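FYI, it's all coordinate maths here, none of it is from the lab. Model, not experiment: these values are computed from the prediction. Every residue, glycine among them, receives a Cβ derived from its backbone with ideal geometry; neighbour counts consider all protein chains shown.
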Amino acid sequence: MTCGHCAKAIESDSSFCRFCGAAVRDTWSAATRKRLFRSASDRKLGGVCGGLADYFAIDPTIVRLLVIILAIYPGAIVFGLVAYAIAWVIIPPAPVVPPLHHQAPSPA
């Protein structure tokens, strides 16, 4: 890869030129940015806990336990339910990737 500012050859996985320090790619591009979605596959109710677990790369059971503990904490029951409902409405569902269709082998 070549730097667009100083025209020197740099590594292909570099975000910045090691010679002039210029950014050679958008480090906050949509491809590298992590997005929060409600889980489409790991859901019990609305997919909020599964989506949070995917986002933070942790076990969904831990997130569910934390939500339950926080929801039954005295004085936080209403807030926990309201927060979950708001998250359910605000967080978009994960995009569903259609399965690849394979043709069945023809009988010989």
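Tabulated results
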item: Fully extended contour minus Cα-Cα distance, from ALA85 to ASP13, at 0.36 nm per residue; result: 21.8 nm
item: Per-pair calculated FRET efficiency, R0 = 30 Å: ILE68 and LYS34 via Cβ, rounded to 0.05; result: 0.75
item: In Hz, Karplus ³J(HN,Hα) per residue of the range 46-59 (6.51, -1.76, 1.60; θ = phi - 60°; x = Gly, Pro); result: x, x, 5, 5, x, x, 5, 5, 4, 5, 8, 6, 10, 5
item: Interchain or long-range residues, amide H under 5 Å from ARG38's placed H; result: ALA94
item: Amide hydrogen neighbours beyond the local backbone of PHE16, cut-off 5 Å, H modeled; result: VAL24
